[in-house]
Amino acid sequence: MSQNAKEYVASLIDRARKAQAIADKFTQEKVDELCTAIAWNIVKPETAEKIATMAVKESTLGNYDGKYAKLMTKIRGGLRDMKGQKSVGVIERDDEKKIMKVAKPVGVVAALVPCTNPEATPVLKSMFAIKGRNAIVIAPHPRTKNTNTYIVNIVRETLKKYGAPEDLVIAVDPEHVSMDVSGELMAQADLVLATGGGGMVKAAYSSGTPAYGVGQGNAVTVVDETVDLKEVANKIMRSKTFDFATSCSTENSCVVQVGIYEKFVKAMEAEGGYLVTGDEKEKLQNAMWHDGHLSRAIVAQAPETIAKEAGIELPEGKTFFMVEETGIGADYPFSGEKLSVVTTLFKYGQFQEAIDKVNAITAYHGSGHSCGIHTNDEERILALALNTKTSRLMVRQPQCLANSGAWTNGMPMTLTLGCGTWGGNIASENVSWKHLINVTWVSSPIESTQPTDEELFGHIMLD
């Protein structure tokens, strides 16, 4: 790390610590007022429109409608999840065990923000931090540094208006955005909240600072014969095309029961899917991967752009691609994460084969992230949940619209999805403000609860 990076980050951390010392004395009411005000000043239509426009223009990823929708849904949803939740002082009492839990701030949070979700991620992370009376320093991806500055300035103005230190939320200045600065920030902060690619998350866990990171996505959804295929195809289409698939939660693969496979393909075609045939598959593969890496020219781009790159003539009205595949792993790149409006189709016979395929696909890319299922068979839902190494299982839902929380499910709203130890993460939950507090357990004496050996060991003592 350069000396300049160390000194620059040290100055940011110093400002943040001074602000956090003031926030440490905030009441629950003050914290909740600030979070509400931040959310409101971002979701005002004219502000959200400006942010969504700027994010698309600067990143050249995704589309306006998707980014605007994320702002309007995720920010509101994050606030909804916070409403009435205690994060200051005594947050829980257990009278039976005489345990009292007291919330404390973690201090200064280092937040890393990806270029795929530069619009809502810094806002949510700021709200999460302030809910716990923390300060936060946000390091954006170089491709979206100006969008980040614009958002953070709105948040800072809001804090000032409501009598809180502006330095509770600090952005790395655009001219200082670099890997060196991000690395120093992670090393000097009290906690790292990293959302982004595998390299970023690995760096977060190697920083020497406690960290919440997220694993690689490669969501797989299973479709069986018990569901309405028209309805399923519409859900997959909405998820697959949302923000041109910037989300790692979008259906990268569909594992479909062989008896309904042809009907499923027709239903998907009716929803705008284009089935790649003949030499088009090789053309698409060559356009999407260069030397084993996804090409920036196709990531989160319009289907017309991808078709042009691949030399494929895309019929009018087609909004996403379907590619048939049988193999899984490095020799079959379509089985991996694509971050594009392309979904891979697999067939299965018996349901165990579907489970095996989900495990094989996520083991290649996306360990611990998520899977989905479209079925009305409760036993199959449970079997998939019990036998896959995934942190989320969405039932009869559009995957990317559901994983990170939706108005129509009970998942916590966030854009930071833990993947458990399978994905190299410490959390397998949707990471939220609850992960940004320390808790002091206060224990008072109770009557002895020591059991007898007979109660503890039962028949084992007699064997």
Among the residues of segment 175-188, is any in a loop (DSSP other than H, G, I, E, B), out of contact with any Asp or Glu (no Cβ under 6 Å at 6 or more places or on another chain) and not aromatic (Phe, Trp, Tyr)?
yes
Give the number of residues within segment 340-371 that are over 16 Å from residue 223 (Cβ atoms) and in a loop (DSSP other than H, G, I, E, B).
5
Name the pairs whose Cβ atoms lie under 7 Å apart, with the first residue in segment 318-345 and on the phi > 0 side of the Ramachandran plot, the second surrounded by 21 or more Cβ atoms within 10 Å (Cβ to Cβ) and part of a helix (DSSP H, G or I), and 6 or more positions between them or separate chains?
329/335; 339/245
Going through (1) in contact with a strand residue (DSSP E or B) (Cβ under 8 Å, 6 or more places away or on another chain); (2) modelled with pLDDT under 95 one by one, residue 114 fails only at (1)
Can you find a residue that is in a loop (DSSP other than H, G, I, E, B), free of Cβ contacts under 8 Å to residues at least 60 places away in the same chain and within 21 Å of residue 234 (Cα to Cα) anywhere in segment 405-412?
yes
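So in segment 140-157, with the set limited to residues that are hydroxyl-bearing (Ser, Thr, Tyr) and either crowded, with 24+ Cβ neighbours inside 10 Å or without any contact (Cβ under 8 Å) to a residue 40 or more places away in the chain (or both), which one is farthest from residue 57 (Cα to Cα)? Let's see the steps before the verdict.
The initial filter retains those residues of segment 140-157 that are hydroxyl-bearing (Ser, Thr, Tyr), namely 144, 147, 149-150.
Checking which are either crowded, with 24+ Cβ neighbours inside 10 Å or without any contact (Cβ under 8 Å) to a residue 40 or more places away in the chain (or both) leaves us with 144, 147, 149.
Details: 144: 9, 147: 9, 149: 15 Å.
In this case the residue turns out to be 149.
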Segment 317-336, residues that are touching a strand residue (DSSP E or B) at 6+ places or on another chain (Cβ under 8 Å) and charged (D, E, K, R)
318, 324, 325
Do you know which of the residues in segment 1-56 that are closer than 18 Å to residue 134 by Cβ and among the polar types (S, T, N, Q) is surrounded by the most Cβ atoms within 10 Å (Cβ to Cβ)?
20
Is there a residue being farther than 21 Å from residue 269 by Cβ, touching a Gly at 6+ places or on another chain (Cβ under 8 Å), buried (at least 16 other Cβ atoms within 10 Å of the Cβ) and among the hydroxyl-bearing types (Ser, Thr, Tyr) anywhere in segment 323-339?
yes
Residue under evaluation residue 186, criteria (1) surrounded by 20 or more Cβ atoms within 10 Å (Cβ to Cβ); (2) without any contact (Cβ under 8 Å) to a residue 40 or more places away in the chain, criterion not met
(2)
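Given the criterion over 30 Å from residue 62 (Cα atoms), in contact (Cβ under 8 Å) with a residue 60 or more places away in the chain and touching a strand residue (DSSP E or B) at 6+ places or on another chain (Cβ under 9 Å), identify the matching residue among 88, 137. If you could, list the steps in order and put the result at the bottom.
On the way: 137 fails: over 30 Å from residue 62 (Cα atoms).
Testing whether each residue is over 30 Å from residue 62 (Cα atoms), in contact (Cβ under 8 Å) with a residue 60 or more places away in the chain and touching a strand residue (DSSP E or B) at 6+ places or on another chain (Cβ under 9 Å) leaves just 88.
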Among what's in segment 285-299 and is without any contact (Cβ under 8 Å) to a residue 12 or more places away in the chain and outside any loop (DSSP other than H, G, I, E, B), pick the residue that is nearest to residue 336 (Cα to Cα).
293
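Residues are listed down the side, and each one gets a yes or a no for (1) touching a residue at least 24 places away in the same chain (Cβ under 8 Å); (2) not in a loop (DSSP other than H, G, I, E, B):
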residue	(1), (2)
278	no, no
283	yes, yes
301	yes, no
309	no, yes
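So which of 354, 360 is surrounded by fewer than 22 Cβ atoms within 10 Å (Cβ to Cβ) and either in contact (Cβ under 8 Å) with a residue 24 or more places away in the chain or in the same structural domain as residue 304 (by TED's automatic domain parsing) (or both)? Give the derivation first.
On the way: 354 fails: surrounded by fewer than 22 Cβ atoms within 10 Å (Cβ to Cβ).
Exactly one residue qualifies, and that residue is 360.
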Hey, any hits in segment 146-159 for a residue that's modelled with pLDDT of 95 or more and either outside the structural domain of residue 36 (by TED's automatic domain parsing) or in a loop (DSSP other than H, G, I, E, B) (or both)?
no
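The values are calculated or read from the model by the stated rules, or taken from the named source; none is laboratory data. Bear in mind the structure is a predicted one, so any value in this text is a computation, not a measurement. Positions of Cβ are generated from backbone atoms using ideal geometry, with glycine treated the same way; all protein chains shown enter the neighbour counts.
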